[in-house]
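First comes the structure, then the notes that go with it.
Every number here is computed from the coordinates shown, using simple stated rules; none is lab data. Because the structure is a prediction, the values reported are computed rather than measured. Every residue, glycine as well, gets a Cβ built from its backbone with ideal geometry; the counts of neighbours run over all protein chains shown.
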Amino acid sequence: MAEAPSTLNPAQMEAVNHLSSPCLVLAGAGSGKTRVITQKIARLLQAGLHPAHIGAITFTNKAAQEMRERAKALVGAKASKHLVISTFHSLGVRLLREDGERLGLKPKFSILDSDDVLGVMREAGGTTDPKIARGWQWTISLWKNNGLTPEQAEAAAKTPDEVVAARVMRLYQERLTAYQAVDFDDLISLPLTLLQRDEETRLKWQKQLRHVLVDEYQDTNATQYELLKALVGADGVFTAVGDDDQSIYGWRGATIDNLKRLPLDYPNLKVIPLEQNYRSTGAILAAANNVIALNPKIFQKKLWSEFGEGEPVRVVECDNEEHEAERAVARIQGIRANATGAHAGATDWKDFAILYRANHQSRKLEEALRKAQIPYKVSGGQSFFDRAEIKDLCAWLRLLVNQDDDPAFLRAITTPKRGIGHTTLAALGEFSGKWKVSLFEALFQASLGTVMSKKAIGSLHEFGRYVNDLEYRARHTVGAEAARPMLLEWLTDIGYEKHLHEGEESEKLATARWGNVIDFIDWIARRCGGEIDNDGADAQGTQGETEKKSVLDVAQTISVILSLAERSEDQDMVTLSTLHASKGLEWPHVVLVGVNEGTLPFRREEEEMTADRLEEERRLMYVGITRARRTLLVSTLLRQKRGREVRKAIPSRFIAEMKLDERTAKEDPRERLKALRAEFAAKAAQAKPAR
DNA sequence: CACAATAATATTTTT
DNA sequence: TATTATTGTG
């Protein structure tokens, strides 16, 4: 967030002090909404509310963590510790852990991530084609987010695909209950059914959370809306903070209907727009306002700032993507070079972002940045640890560390396949649910014999014994030298390499995956220490003889290391990001690339654009523009590669919609000359090391 | 019928 | 660029 003044402006003040009825804060981009939320928390405490009775709900863990930190800074560690600051999903987890038994869910139910879900879908629908399964996963998730039961989905299904998906949905749900597992969507929908069905629980939670604040309210879906409603009760008080102009997640179930419905469902709703922007210059805000003005409005809102006009927003037309990337790089270098003198050192690499519509657009940009030796990071890219094969192995390690980790158990016992099918697992799940023990614990219970075949019990016991044995070995294998063979032995034991080759169509891909596995093994072994560590990329930069650790020790810290590895934010790098991933962030200098018809208002061939779609794309453009604090460069292509042929490309209508000509957007010829020079210099620089 | 070469086609993502 | 669908050939 940009530096906000120490006092609140009148609108913010009103939002903070309005405690008597539900409150909707329409927080424009950069209007200090997080500040309003944290200040309001402080205000509620001052009004005598106990911290444990205040809930702040966000969408991402990152946002929740940031909110907690800011609240802590404001109200102190003691009070902030009791505040309920969490995501919708973790609140759902908490609700279900405490009261899920009323729905027949054991307190230690497992939460499946989307990979796990895909596996269950494949089994339930009897397919090996991941594409089909992904399709099911997608539609079923949307149905669940709209509060549909499998029966309702079956009734609503229109196309043949949907009919199949609805049938899979029922099988899928049955399987989840049998496994005592829930997916992410269930974390919202199950608490909702619970609250709707069980008055005692509803009253308990309504009493527990006396004031709920919801961040990014425009991103809520139908189920989340209902959950919020059930949570606050008919005459409850809450604060929703959001911006209809930044609603860009319609495609995953978020609806701005939730904003429209709010005044109807709560007649005494107080609507407070936050229109003063503390982030961008006048030129940037004007462009943003001009674009978004063309969308039909629910609530009127127009951003303004006290920062003055600033640099005009610039538009460049490029011949092709390579050219565009070069110009983006030249632009960055140009601004950096200009920042000497009065602002010497004031411009770091991290002050720049290049934003685009779709991930694949980052390629040419990465190339150009590498050539120019500019450090960069790509946000939202697939992490090494997100790969299926790494997650498989992590599941095993998690199971070694904590045998009660049921999702890990499910993943480990089914990868590789070891003759334990879903019937056995369902029975085991049912058993563990009944006796309130983990799946692993249930495995050794003698009374299992009553519900299962001898053969199944045999395989289960074999698995259990193997896990115990492996745990013992992991505990006693110390140092990298010993760790490597031990880990390889483990992979041989479970036949993982074979599993990879069988499960993968192409041999090449399987080999690549196996390569990842070896890297991972090596990575763990190195962390067991005891050898000369020359890994310069190591976060700690440790060198020389390291302390020896057991494999189990390393496994224990793996989750910590994972989250640490992602925290490379404080490094001085240019950011490459999709527009979606850029929401909520800001940079002094932003370059928006590939602003073309078909890309930025995204349109698939032979598919007409509905008004809804266009409006969401326009909001995306708006989000992109409002990320910039001081300068904004919008670039568009004149030619675009489509497959093998090069076609002419049409600049996006959004460029005209910014109405830059009203503000002398013509590129300064001196700037153009400078850019050309930088381009030339970059070309010369890359030509030299190449030969 | 199996396999290989060629053509076509590509969003956005958190929990 | 990479993956997938289609067509052609042995």
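Some values worked out for this structure:
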item: Test item: Cα-centred dipole of chain A, Lys/Arg +1 and Asp/Glu -1 on Cβ, debye; result: 980
item: Student exercise, region A:146-209 dipole from Lys, Arg, Asp, Glu Cβ charges, in Debye to nearest 20; result: 160
item: Centre separation in Å (Cα based) which lies between region A:121-194 and region A:420-446; result: 23
item: For chain A, calculated [θ]222 nm from helices alone, where every DSSP H run of n ≥ 4 adds -39500 (n - 2.57); result: -16500 deg cm²/dmol
item: Global geometry of chain A, whether rounded, prolate or oblate, following the gyration tensor of its Cα atoms and the 1.5 cut on a/c; result: oblate
item: Kyte-Doolittle mean at least -0.5 and Cα axial length at least 18 Å: DSSP H helices in chain A; result: A:33-46, A:160-179, A:388-401, A:422-435, A:480-494, A:507-527, A:551-566
item: Members of A:K297/A:K583; A:K108/A:K391; A:K301/A:K648 lying beyond 29 Å, as alpha-carbon distances in this model show; result: A:K301/A:K648
item: Subset of A:K455/A:K498; A:K204/A:K436; A:K302/A:K364; A:K131/A:K549; A:K81/A:K350 violating a 30 Å alpha-carbon distance limit; result: A:K302/A:K364; A:K131/A:K549; A:K81/A:K350
item: Farthest positive-ward along chain A dipole, Cα basis, beta-carbon charges - from A:I518, A:S550, A:V591; result: A:V591
item: Per DSSP, loop trypsin sites (Lys or Arg not before Pro) in region A:118-166 with at most 16 further Cβ within 10 Å; result: A:K158
item: Selected from A:S280, A:N258, A:I292, residue furthest toward positive end of dipole (region A:247-318; charges at beta carbon); result: A:N258
item: Antiparallel DSSP beta bridges within chain A, as percent of all bridges there, nearest 5; result: 15
item: Relative contact order of chain A, defined on C-alpha pairs under 8 angstrom at six or more residues apart (%); result: 18
